Amino acid sequence: MPMTRLQRIETANAAVLKRYAAAGGAALDHFGPLDGLYAGPDLPVNVAFGESWQAGAGAALPQVEAFCAAHGFPAGLLLHSHAHPALLSALSERGYRLSYVLHAYVHALSGELPMPRFPAEEVTPATWAEQTPLVFGAGSEAIMKRNAEKPNTRCLGVKRAGSWVGFGAMSLETGEWGRAALLYSAGTLPQARGQGIQTALLAARLRLARDSGANFAAVYASPGSVSERNVVRAGFELVGARLNFVQS
């Protein structure tokens with residue numbers, strides 16, 4: 001049976017997360033349809049994920065919890081809104097709570113794509129690691145550095161008056177889902193917001209995705225946010241949600 005669009009997004013997102021395991025000191029383990037990732041101390045990608053629609057996902061939770069405990073972080077699971085009912089029941093029984101929700105969007109990369117209002121440039125890993133914490137704030141340094149160093153990642157930025165003002169990353173992954181472009185880590189300096197910087201970065205990454213052979217692009221957005229409005233204007237279609245559960 002062909003994969004649904006949300007299944008394609010979830011499996012492609014899992015492939016991107018697995019790339020964090022390439023760094024020294026990281027760990028990745030497999031528990032049936034789920035995977036556990038430890039990327040480094042206090043990183044937000046220390047989490048379990050996988051094919052949450054599969055019937056065996058709920059039975060893997062004890063192994064997920066043992067993995068998380070062994071690496072010193074609370075048990076957490078990223079799943080999507082098509083999750084198997086048995087997994088949702090197991091999460092409730094084992095004391096998990098919903099931490100946050102992101103809407104999942106897909107773009108078919110067909111037809112006419114939006115034109116960037118401002119030119120976007122490739123950003124080197126060193127520049128990305130230095131500049132993006134000015135956008136994402138204190139405590140983001142480690143994950144921003146890892147984002148730029150991760151295999152299959154392209155980092156773009158926009159300059160105004162010779163200075164970087166906005167950024168956005170994209171990962172390309174190929175598998176049974178096709179060739180996917182996952183868009184993430186988008187942000188703009190406070191003084192440059194409201195000028196269309198993120199709209200330009202969305203358009204630039206969509207064009208880069210199609211030029212790189214992707215047959216769809218995906219992005220997650222906080223419900224009701226400015227980012228979500230930008231995503232909808234860029235032609236993305238809502239196909240579901242990503243749910244983050246943490247064990248209390």
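DSSP assigns beta bridges within segment 5-103; of those with both partners inside it, close to 90 percent run antiparallel. Relative to the longest principal axis of the C-alpha atoms of the chain, give the angle of the C-alpha long axis of helix 5-18, reported between 0 and 90° and rounded to the nearest 10°. Value to nearest ten degrees: 90.
Going by the alpha-carbon gyration tensor, a ≥ b ≥ c the square roots of its eigenvalues, is the chain rounded (a/c under 1.5) or, if a/c is not under 1.5, prolate (a/b greater than b/c) versus oblate? Prolate. I'd like the orientation of helix 61-70 relative to the chain: the angle between its Cα long axis and the longest Cα principal axis, in ° from 0 to 90, rounded to 10. Helix 61-70 sits at roughly 70 degrees to that axis.
Bridging of Lys159 to lysines at a Cα separation below 28 Å is possible for Lys145, Lys150, once same-chain residues fewer than 8 apart are set aside.
Could you give log10 I(q)/I(0) at q = 0.14, 0.19, 0.20 Å⁻¹ for segment 127-236, computed by the Debye formula over C-alpha point scatterers of equal weight, without solvent? After summing over all Cα pairs, the log10 values are -0.55, -1.02, -1.12.
All C-alpha pair distances within segment 5-103, sorted into 10 Å bins from zero, spread as 16, 52, 30, 2 percent across the bins. Computed extension gain for Gln191 through Thr124, at 0.36 nm per residue and net of the alpha carbon distance, reaches 21.8 nm. Distance between the 7 Å Cα→Cβ label points at Ala86 and Ser225: 3.4 nm.
Read-outs throughout are calculated quantities, based only on the coordinates presented, and are distinct from any laboratory measurement. Quantities reported herein were computed from a predicted structural model and do not represent experimental measurements. Positions of Cβ are backbone-derived with ideal geometry, glycine not excepted, and every protein chain shown enters the neighbour counts.
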